[in-house]
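The values are calculated or read from the model by the stated rules, or taken from the named source; none is laboratory data. All figures in this text were calculated on a predicted structure; none of them were measured in a lab. Here the Cβ positions follow ideal geometry from the backbone for every residue, glycine too, while neighbour counts run over all protein chains shown.
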Amino acid sequence: MNSSVPYLIQAINEWILDNDCTPYLIVDATMDDVSVPMEYVKDGQIVLNISPTAIRNLSISSEYVMFSGRFSGVAYEIYAPISAVMGIIAKENGEGMWFPREEGDPTDTPPENGPPADDVPTASPDGPPKEKGPPTLKVVK
């Protein structure tokens, strides 16, 4: 199934604008193919004002978010793959949505040596779980 994230970004953006608020897109600037002005990146993230008065030519596809914007008067073409979008929120009240990492993202791949020792399941002190028989009904008067 296709990712629901681009659809949610569009819907939340419209909802924020309908409520006379300013939509902010939070992007992981450390991911591949992200094109943002790096001097505005903090802790590997950048917050982008995507209101119609702040940007031009907003395009949200199943693969990316792209638009033209100005930072301190300098024009930039902003490009972020959908997998780099961390969330969309309203500036005024923080309402919006955060997106979990999609399955298949490079950051989700487990280490080749298997899970860490802490993640290895251990036997319970009570022994193996007891098998249950078929369900039964009991008459209650």
Open item on the list: When you scan segment 109-117, do you find a residue that is β-branched (V, I, T), at pLDDT 95 or above and outside any strand (DSSP E or B), even just one?
Closed with: no
Task: Failed item in (1) surrounded by fewer than 18 Cβ atoms within 10 Å (Cβ to Cβ); (2) in contact (Cβ under 8 Å) with a residue 40 or more places away in the chain, with A75 passing the rest - done: (2)
Open item on the list: Please count how many residues of segment 2-57 are at positive phi and free of Cβ contacts under 8 Å to residues at least 24 places away in the same chain.
Closed with: 4
Open item on the list: Just to verify a result, which residue in segment 28-40, among those that are under 23 Å from G94 (Cα atoms) and more than 17 Å from the chain's Cα centre (by Cα), is surrounded by the fewest Cβ atoms within 10 Å (Cβ to Cβ)?
Closed with: Y40
Open item on the list: Within segment 48-65, take every residue that is assigned to a loop (DSSP other than H, G, I, E, B) and touching a helix residue (DSSP H, G or I) at 6+ places or on another chain (Cβ under 9 Å) and give me the one that is nearest to N2 (Cα to Cα).
Closed with: S62
Open item on the list: I'd like to check something: does segment 79-88 contain any residue that is assigned to a loop (DSSP other than H, G, I, E, B) and at pLDDT 95 or above?
Closed with: no
Task: Options P23, P100: the member that is out of contact with any Lys or Arg (no Cβ under 6 Å at 6 or more places or on another chain) and either exposed (fewer than 14 other Cβ atoms within 10 Å of the Cβ) or among the aliphatic types (A, V, I, L, M) (or both) - done: P100
Open item on the list: Checking Y76 against (1) of a type in the set (F, W, Y); (2) over 17 Å from G96 (Cβ atoms); (3) in a helix (DSSP H, G or I): exactly one of these is not met. Which one?
Closed with: (3)
Open item on the list: Looking only at segment 30-47, filter to residues that are out of contact with any helix residue (DSSP H, G or I) (no Cβ under 9 Å at 6 or more places or on another chain) and not in a loop (DSSP other than H, G, I, E, B); which one of those is nearest to I78 (Cα to Cα)?
Closed with: S35
